[in-house]
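Student: Structure incoming, see below.
The values are calculated or read from the model by the stated rules, or taken from the named source; none is laboratory data. Everything numeric in this text was worked out from a predicted model, so none of it was measured. FYI the Cβ positions are ideal-geometry reconstructions off the backbone, even for glycines, and counts take in every protein chain you see. The accessibility values were calculated without ligands, DNA or RNA, using every heavy atom of the protein model including side chains. Shrake-Rupley method; radii C 1.70, N 1.55, O 1.52, S 1.80 Å.
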Amino acid sequence: MSADNALSRPRIEAAGDRSIAAGQIGTAYTGDVLPAEALYAPDKITAAPGTSNLPPATLCLGRGEELAWLRRTLTDRQEGAITQSGAVHGLGGIGKSALALHYAHRHRSDYALIWWINAGSPDEIETSLTNLTHTLVAGWAATAERAAQLSWAMQWLAWHPGWLLVYDNVEDPDDLAPYTGALHRGHHLATSRRARGWPDSAPTLALGTLDPDDATALLCRLVFKDATPTPRQRAEAHALADDLGHFPLAIKQASAYLAQNRGISLAAYRRRLGAKLAKSAHGIDAERTIARIWNVTLHALEEENPLAVQVLHTAAWLAPDDIPHVLLTPPGANPDDTAEAIGTLAAYSMVTDTGSGLSIHRMVQTVLRTPQGTVGMHSERHLHGRDRAEQASCAI
């Protein structure tokens, strides 16, 4: 390079007449271009107010004491876990995620950043944290290695205060140790079916079923929306809530069926459930309750959209969170038909759909993977779903 060309190029210097005020900054780089580490240093990047990846808020009734406990515990101790009481034998569907989500939305303005983490495995936790990096420094993260993205997220959380991390559906409390042990400038909140194995520094809340009146209020709110139920309808709702064991997931899915089929009364729905009771006698109470609802709902789905039932049984054998629509589209099928089928499942509260992927509750998967949980359907249906799931996974 000629001397003239060299002189014509811009230069950044750390000392002398052309310095960049190195005495007033922490680090100064010489050369023509600052390295990416300087432009995207975790301590220099701030999150926009209200940054989060929270799912939409859901209805959460009758949990006032639990919400107060969470706020008090996190404010005093910085970490806590929502678990289940022994009464439900560790199964899901009691409303742990709904409670954590409600807390996060209620206190959204109290945190600089809230990040929802799928925590079923160490790999899922890492993926959620790399997504945080993509949100805060999208340009740099697009070309960075996964390990570098994870390290950046950890460093950002170490530098900045006032965040909330929600670890949803933790399978092994030990998976959180690298994060709760190293990050102390925010709050950690976990949900799990595990009641034991948590460190002494993490108080746990054993979440039980709803109070009968709260269960009835939730059922009425979901079925009748803003309309006021008659005394008779409220009495029938109370009886149905009793039949469902005041179990939040069961109430939500029964309500979705009734809202979708306005011509069926609560009393008629109760009769349909009663007719299925003897056929769903296997399993523990919560599992049997869901199986009874399945028999009614799946019968309606078979008539309305058979592909929806096929998609549901395939999703039962895949990882429960963020399943891409493409994995659920049978070979040669129209993706639009699959999208419509998924929309039908979402309307019945069988899945949660984002438009490109769906999530299915772990309790739903437990029942659909169990032959006695699909009474009234072909006994091979759950096995066919597993075969389709394996084929879809191999095709990735």
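Student: From the set of residues in segment 178-211 that are touching a helix residue (DSSP H, G or I) at 6+ places or on another chain (Cβ under 9 Å) and without any contact (Cβ under 8 Å) to a residue 24 or more places away in the chain, which is least open to solvent (accessible area, probe 1.4 Å)?
Tutor: PRO178
Student: Look through ALA267, ALA308, ALA315 and report the one residue that is modelled with pLDDT of 90 or more, over 30 Å from TRP116 (Cα atoms), among the hydrophobic types (A, V, I, L, M, F, W, C) and open to solvent by less than 40 Å² (accessible area, probe 1.4 Å).
Tutor: On the way: ALA308 fails: over 30 Å from TRP116 (Cα atoms); ALA315 fails: over 30 Å from TRP116 (Cα atoms).
One residue alone meets the criteria, ALA267.
Student: Give me the residue from segment 161-177 that is of a type in the set (D, E, K, R) and farther than 18 Å from TYR103 by Cβ and, out of that set, surrounded by the most Cβ atoms within 10 Å (Cβ to Cβ).
Tutor: Once the filter is applied, the top-ranked residue is ASP175.
Student: When you check GLU65 against the structure, is it modelled with pLDDT of 85 or more and over 20 Å from the mean Cα position of the chain (by Cα), yes or no? I'd like the intermediate steps shown before the answer.
Tutor: Values: modelled with pLDDT of 85 or more: yes; over 20 Å from the mean Cα position of the chain (by Cα): yes.
Answer is yes for this residue.
Student: Need pairs with beta-carbon distance below 8 Å; first residue open to solvent by 50 Å² or more (accessible area, probe 1.4 Å) and within segment 332-360, second of a type in the set (Asp, Glu) and in a loop (DSSP other than H, G, I, E, B); sequence gap 6+ or separate chains.
Tutor: THR354/ASP322
Student: For THR135, are the conditions met, namely being β-branched (Val, Ile, Thr) and modelled with pLDDT of 95 or more?
Tutor: On the way: β-branched (Val, Ile, Thr): yes; modelled with pLDDT of 95 or more: yes.
Considered against the rule, which asks whether it is β-branched (Val, Ile, Thr) and modelled with pLDDT of 95 or more, THR135 comes out as yes.
Student: If you scan segment 216-226, which residues turn out to be open to solvent by less than 60 Å² (accessible area, probe 1.4 Å) and either at pLDDT below 90 or closer than 25 Å to THR73 by Cβ (or both)?
Tutor: Scanning segment 216-226 gives a single hit, LEU218.
Student: Name the one entry in LEU129, LEU113 that is among the aliphatic types (A, V, I, L, M) and under 15 Å from LEU189 (Cβ atoms).
Tutor: LEU113
Student: Still on this model: Based on this model, can you work out whether ALA48 counts as loosely packed, with under 12 Cβ neighbours inside 10 Å and at pLDDT 85 or above?
Tutor: yes
Student: Next question, about the same structure. Being within 22 Å of the chain's Cα centre (by Cα) and not hydroxyl-bearing (Ser, Thr, Tyr) is the filter here, so list the residues in segment 202-218 that pass it.
Tutor: Hits for segment 202-218 are ALA202, PRO203, LEU205, ALA206, LEU207, GLY208, LEU210, LEU218.
Student: Looking at GLY283, GLY274, which is the one that is at pLDDT below 90, surrounded by fewer than 21 Cβ atoms within 10 Å (Cβ to Cβ), at positive phi and touching a helix residue (DSSP H, G or I) at 6+ places or on another chain (Cβ under 9 Å)?
Tutor: Numbers: GLY274 fails: at positive phi.
One residue alone meets the criteria, GLY283.
Student: Here is a further query. Give me the pairs: first residue in segment 48-77 and within 28 Å of ASP322 (Cα to Cα) and part of a strand (DSSP E or B), second residue aromatic (Phe, Trp, Tyr) and modelled with pLDDT of 90 or more, beta-carbon distance under 7 Å, and six or more apart or on different chains, which are they?
Tutor: What qualifies is SER52/TRP115.
Student: Going by what's in this entry, would LYS252 be described as of a type outside the set (A, V, I, L, M), at pLDDT 85 or above and within 25 Å of LEU70 (Cβ to Cβ)? Full working, then the answer.
Tutor: Details: of a type outside the set (A, V, I, L, M): yes; at pLDDT 85 or above: yes; within 25 Å of LEU70 (Cβ to Cβ): yes.
Spelling it out, LYS252 is indeed of a type outside the set (A, V, I, L, M), at pLDDT 85 or above and within 25 Å of LEU70 (Cβ to Cβ).
Student: Same structure again: Select, from VAL351, VAL367, the only residue that is at pLDDT below 80, within 25 Å of the chain's Cα centre (by Cα) and under 18 Å from LYS252 (Cα atoms). Please lay out each step first, then the result.
Tutor: Values: VAL351 fails: at pLDDT below 80.
Unique residue meeting the criteria: VAL367.
Student: Moving on to the next point. With the checklist (1) at positive phi; (2) open to solvent by 40 Å² or more (accessible area, probe 1.4 Å); (3) at pLDDT below 70 in hand, flag the one item GLN78 doesn't pass.
Tutor: (3)
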